[in-house]
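The structure under discussion appears below in the form of structure tokens.
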């Protein structure tokens, strides 16, 4: 938003403060999308959606390169229907772009190892660099790790000495240069800037070395899961639904025969190494797991198609998982946020009929039925989430509701935030940047002047001498951090805060 409004594509700024964390690519793409489509949810999500399509295709080509077309097709289907992979297009962060870059770089790297073509070396460089420009070194480490184990598996030792790796190195350096230069301009040339209590920040050193190390150690970053050493295992269980149980079975099967070299080492090595890295990391978030989805999808697909497990057992496993998924989604949409639209109810009944059709159809063998049921269950689930759950949930995100309420009545340019109050959704849906309120704003005599605050702050505002006139008020809850009390309709009201926008009419 800062880039779009100020035409400043160098500095990363969040709520008026210098942002020292992720690189620029996502922000550049979204700012460009805003310029084309305007500031809308579609515009923000569109670049990530395009990369999602690239990811699915890259996974198909990776599976085909490592195995065959059938594995590639099934791997593409698996990743395209994985819960957290779809979710990355709803709750858009860096992960859709990052996962696509990892998949593309890995595919191009495998092709280069197999055929030694300069175009594949350049493709590898592009994937690695765009991934780095999105989220830093993890986008480089993950594909190169898998490729390293793939070369060892093939025992093509001369591959390490091939001069064409220089093409990848030079291409990578050229494509990350814009990001490095922007960090240099924002921080190296401005030693007076203070971020997280530090000044004299070396921006180039931070993005090349500091960012990944800080997150791994938990320095300057933290999460509730810091000491949860089973974080990866239980997070992957829901993130890779409906395929997670089969994926665990696949990795166990692969490790059992790992040193017999019956299958490639790229996919299981990627899965295990990233699992260990996340386990010991000081900073853990569920969406970090997405980077192993491309390798895991290929590994799971190849295992499904060649394993000795009976297709009937796979069908039973997937049917049980899908029934559980549909039960939980039904619970959310029947008890927590009941469906009120008759057309929506009819559509859901039709989609469920398709699921049960696959379950009971005798013309399909067990394996196609297992795959069809899995995908159909995810289609039903996200149809319900996107048409009922999320729209109802967003009514409790005060910023966007307040933006709707004041449209045509209050100029967002005149809105200021009281002290530590913050609402990214208000700023997004009004296409404005957050402006902090202080006494100097009032003394300038700007009229009208509006103040955004939490209801609990109203007494403090009045104690500071400010008179509040007309007030717009909406319920508010941090919907990205759901809890059982909020989900429960009986106790939901107790969890709500109240976001208010009041006109400052004077000062005592």
Fraction of beta bridges assigned by DSSP in the range 398-507 that are antiparallel (%, nearest 5):
80 percent
Classify the range 150-218 from the C-alpha gyration tensor, please: rounded if a/c falls under 1.5, else prolate or oblate depending on whether a/b exceeds b/c.
oblate
For the range 76-183, rounded, prolate or oblate, judged on the Cα gyration tensor with a ≥ b ≥ c (square roots of eigenvalues), a/c < 1.5 rounded, else prolate if a/b > b/c?
oblate
From the C-alpha gyration tensor of the range 311-394, square roots of 5λ in Å:
26, 13, 9
Binned at 10 Å from zero, the C-alpha pair distances of the range 6-132 give percents of 13, 36, 32, 15, 4, 0
Two-decimal Rg to Rh for the range 398-507 - Kirkwood Rh, Cα set:
0.99
If packing is taken as the average number of other Cβ atoms within 10 Å across a peptide's residues, how do 430-436, 247-253 rank, most packed first?
247-253, 430-436
Of the peptides 131-141, 338-348, 4-14, how do they stack up when ordered by the mean number of other Cβ atoms within 10 Å, highest first?
131-141, 4-14, 338-348
Helix 41-66 versus the longest principal axis of the chain: what angle, 0 to 90°, nearest 10, using Cα atoms?
10 degrees
Cα centroid separation - the range 477-502 against the range 1-70, whole Å
30 Å
I need to check one value: relative contact order of the chain, counting alpha carbon pairs closer than 8 Å and at least 6 residues apart, in percent.
13 percent
Let me check the size of the range 355-424 from its C-alpha atoms; what are the radius of gyration and Dmax in Å?
22.3, 65
Report the gain in length on full extension from residue 165 to residue 32: 0.36 nm times residue separation, minus Cα-Cα distance, nm rounded to one decimal.
44.6 nm
Please give the per residue volume of the convex hull enclosing the alpha carbon atoms of the chain, rounded to a whole number of Å³.
170 Å³
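Bear in mind these aren't lab numbers, they're just calculated from the coordinates by the rules spelled out. Bear in mind that the values here come from a model prediction, so they are computed numbers and not experimental data. With ideal geometry, Cβ positions are generated from the backbone for all residues, glycine too; neighbour counts draw on all protein chains shown.
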